[in-house]
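In what follows, a single structure is set out as structure tokens and then discussed.
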Amino acid sequence: MEGCVVTDLRVHSKHNCYALPLEVMKKIENEISVSTKLEPGINIIKIRSGSFDYVEGDR
């Protein structure tokens with residue numbers, strides 16, 4: 001691939017992810033993560049690193 005330049009790279013998150021076992025997910029949720037209840041209305045959230053996506057009806 002000499003001289004080749006990649007300008008766009010698309011990765012499908014569901015097809016290219018590492019699925020964590022249930023017990024690992026529960027440990028992250030219960031012991032590592034931080035959460036807070038938000039009141040209905042407009043809330044400003046700052047993400048320090050990474051990204052977040054929300055799709056209505058995801059749960």
Pairwise label distance in nanometres, E31 with V5, each label 7 Å out on the Cα-Cβ vector: 4.8
How far apart, in nm, are two points set 7 Å out from the Cα along the Cα-to-Cβ line at C17 and at D53? 0.8
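Here, each number is a calculation from the coordinates, and none is a lab measurement. What you are looking at is a predicted structure, and each value in this text was computed from that prediction instead of being measured. As a convention, Cβ positions derive from the backbone with ideal geometry for all residues, glycine included, and neighbour counts pool all protein chains shown.
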